[in-house]
Amino acid sequence: MPAVEQFRAWSLHRWYILAWVLLGLAPMSVAGLDDPGATRYWAIGVPIAVGLFYAAGRALPERAVARPDVVTWGLIAGLAAMSYLRDGGATAYIATVPHFWFLARESRSAIASSGLAALATVLGGVAPQGWSPSLTNGNVAATLLAFLVSVLVGLSVHRYLEQQRERVRLLGAELETAQARLVAAYQRQGAAEERERLAREIHDTLAQGFASIVVLAEAARSGLETDPARSGQQLLSIERTARENLTEARALVGQAPPGGIVPGSVARTLRRTLDRFAEDTGLAVEAELPDVELDQRTRIALLRCTQESLANIRKHAAATTVGVVLTRHPYAVELEITDDGRGFVVGASKGFGLDGMRRRMAELGGELTVTSSVGDGTRVVAIVPAGDDGQEQA
């Protein structure tokens, strides 16, 4: 806003300078062509000198001639000289008086400088009359009237500009406040999203791992006397799960890529997860996992979706068989996980796990569909967009 106003003011000033030259200085010089003798040269030259002096001040902003007070006194002297050389000084004063408002820093100094210019114009006009000047002629009246009008108009414009500056200042303050609030809102939103992300990662990794450890520990404790070999195997699974949880915790803290994700091979990671699941639960697992290359985020999302589904099957389904199928379509990858367990009413299900899976898919532009009914098992389908670069590998 200040830059726009400054540009408009400068454009207006340029147009005024052009009008000043055409209506103030040029007529005085042209009128001097008819003057006799040396007076003609002075009458022509003084307006030109005033214009050149002002132009030098504009063209040399770093020189002393460009100082506002120097330019102001130069204009006052020029008006006095032009008024002395010929009648009609009031015309030059009327054309010049806006300069004093442009050059002044405040209205008081503008009134003082324009008043001195009016006095100089009047004195210059009556000086040739000697010691008995007439102060009631039209030139004096026009000059004084122009001064009074310039004061009224100048004060009005100055007050308007001050109101505009105050308005700009208030708008700037409001904008800064709004920007500060927006930054704070973005920070709060970022913090909330980060908390949600960490909660989801902890649920999908550490919480699931600890749940597996609890289940395996209970099974190992109950089988110590009846099946010690099986209990020993379960204790190994507990140790392995605890180590993996430790790796996941370090990855979460250090912002490192999650452990267990083999670059470029989601199928290998899923097979390892399914083998562990079958070993820990004794359930039959049927898997079709072609070796599909996917980016890191997609691999992690499909792995977390599989881990969450398997955890739900272990805790709730009472299933005997689990099926996992990974399919590469032209522009998407589909992961289907089914079980023959007891099923559930999808609409009545409330939990962090399914919501977390849906959010993971949504972040990648995919979707998650859960189909189930009581007694008929459950089918989970995750579809994620994938480009042509992730073609099936032999």
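General remarks:
- In segment 294-309, of all residues being open to solvent by 10 Å² or more (accessible area, probe 1.4 Å) and of a type outside the set (Val, Ile, Thr), the one that is nearest to residue 370 (Cα to Cα) corresponds to 307.
- Looking at 94, 111, 76, just one residue is open to solvent by less than 30 Å² (accessible area, probe 1.4 Å), modelled with pLDDT of 85 or more and under 54 Å from the mean Cα position of the chain (by Cα), and that residue is 76.
- Of all residues in segment 50-69, none satisfies being surrounded by 20 or more Cβ atoms within 10 Å (Cβ to Cβ), over 15 Å from residue 147 (Cα atoms), small (Gly, Ala, Ser) and modelled with pLDDT of 85 or more.
- Considering only residues in segment 123-181 that are under 24 Å from residue 102 (Cα atoms) and acidic (Asp, Glu), the one that is modelled with the highest pLDDT turns out to be 166.
- Flag for residue 105 being assigned to a helix (DSSP H, G or I) and modelled with pLDDT under 85: no
- If you go through segment 366-394 and keep only what is at pLDDT below 85 and surrounded by fewer than 19 Cβ atoms within 10 Å (Cβ to Cβ), you end up with 387, 388, 389, 390, 391, 392, 393, 394.
- Selection of segment 144-188 for residues being polar (S, T, N, Q) and loosely packed, with under 11 Cβ neighbours inside 10 Å yields 156, 163, 177, 179, 187.
- Taken over segment 28-49, the criterion of being closer than 15 Å to residue 94 by Cβ and modelled with pLDDT of 85 or more is satisfied by 47 alone.
- For segment 114-132, a residue qualifies if it is more than 15 Å from residue 90 (Cβ to Cβ) and under 56 Å from the mean Cα position of the chain (by Cα), and exactly one does: 116.
- Qualifying residues in segment 323-364 (those that are in a loop (DSSP other than H, G, I, E, B) and of a type in the set (Phe, Trp, Tyr)) - the one least open to solvent (accessible area, probe 1.4 Å): 344
The values are calculated or read from the model by the stated rules, or taken from the named source; none is laboratory data. The structure presented is a predicted model; accordingly, all values stated were derived computationally and were not measured. As a convention, Cβ positions derive from the backbone with ideal geometry for all residues, glycine included, and neighbour counts pool all protein chains shown. In case anyone asks, the SASA skips ligands and DNA or RNA and just uses the protein heavy atoms, side chains included. Shrake-Rupley method; radii C 1.70, N 1.55, O 1.52, S 1.80 Å.
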